[in-house]
Structures are given as C-alpha cells and as structure tokens.
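Have a look at the structure below, then the notes.
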Amino acid sequence: MATRLPQRWVASGPSTTFDAGETLPGEFFVFQLGVVSATGAATNVTAARAAGSELAAGFRCINLGGTSDLGVKFQQPAVLPAAANGSQPVAALWFGVDTAAIAPGAGTHTTTVTLEYVTAEGRAQTAAIDVVISVGAGAPPKSPHALQGPDDSWRQTRLAWLDSTAGSRCAQPL
C-alpha cells in the first residue's frame, strides 16, 4: 500500500468531506483517512482535530500517538517515504472516537481533522477534511463484554485495545 491506492479510495476520489459512517452510543468508532503526497515524500505528518464538537474528548489518531505495546505513552509523526519507482507515497491513518460522552440518538456530528506535514522540498503544508459521524439511536451497552462494541468484530470497534495497556503486563504462569 506504500505506493498504491485501494480501489475504494480511487472510486470515491479526493474530497474535503468524509462521511465516516454510523456508530452506536458508547462504542469506540474507528475509521481510516488516506493520505497521498502528490509532491513526493512527506515528513512530520501530524493530525489535529478541531475542538468544540462532542467528538473532541474521545478523538485520537492511533498511528500518531497513544499507548505503545509496552504500555508507554508515545507521540510520533508519520513519514511518507519517497517511492523508488516515482509513484506517489500513500499512507492510511487510523482514527478512533470514543462515543461514550455523546447522548444516545444525538444525530450527526462533524469535526475537522487537520493534517500538517513537511514536503520533500522542506515546505510546511496543511490539509483539512471535515469528518461526519452519525450516532444512531439506542442505549449504550450495559454488559461489560459489549462495552464499546467489541462483540461485533465487523464494526472494527475492537481496535480500542491498541491504545491501552491491555496485555502489556505478563501474568505469572500457574
């Protein structure tokens, strides 16, 4: 994927608005934004989201920061290396939104994600995209195993563990 776009990205084309889909209250909602550098390599790729939305508190980019597999907090910019064959570098940034703070049936929410990066020529650039997320009606999950939706693997809500300390401490063998 470092130099080839997925068919779905090609079919939908570039846009300044992305409809990420629908989630249920209390879920950890995951979506992906594709980054293509039209001018070659890009370094120091960071993502920030606009404050002021109900989504702001639980919004994060899993690629760029969080908790490592060793249970240590980290921040790291992404890099889109130059492709050997002259193709444009491609990367996928995974974002997660904890919808626990959003009221059930609260409707559609929009937040702006701003990507900042440095081009191969050393120029600082920004690109913004409005991300639209719909929160469906219904009550938040009540059972512990259903919390944040990990029981529905097709929804990809199990990815919340990637930004946690789960599994980072070895248990003593029996």
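At what distance in nm do the modelled label points of T43 and T108 sit from each other, each positioned 7 Å from its Cα along Cα→Cβ?
Those two pseudo-labels are separated by 4.1 nm.
What ranking of S37, S68 emerges when the number of other C-beta atoms within 10 Å of each C-beta is taken as an exposure proxy, fewest first?
Ordered by Cβ neighbours within 10 Å, fewest first: S68, S37.
Which of rounded, prolate or oblate describes segment 1-80 when judged by the alpha-carbon gyration tensor and an a/c cut-off of 1.5?
oblate
Quick check: pseudo-label points 7 Å beyond the Cα along Cα→Cβ at V72 and W9, how many nm apart are they?
3.0 nm
Spin-label point model (7 Å from Cα, Cβ direction): what's the Q32 to A137 distance in nm?
Output for this residue pair reads 3.3 nm.
Within a 10 angstrom radius of the beta carbon, how do F59, F29, F18, F74 rank from fewest other beta carbons to most?
Arranged by neighbour count, lowest to highest, F59, F29, F18, F74 become F74, F18, F59, F29.
Rule-based calculations on the coordinates, nothing more; no lab input. Since the model is a prediction, treat every value here as computed from it, not as a measurement. So basically every Cβ, Gly included, is an ideal-geometry build from the backbone, and we count neighbours across all protein chains shown.
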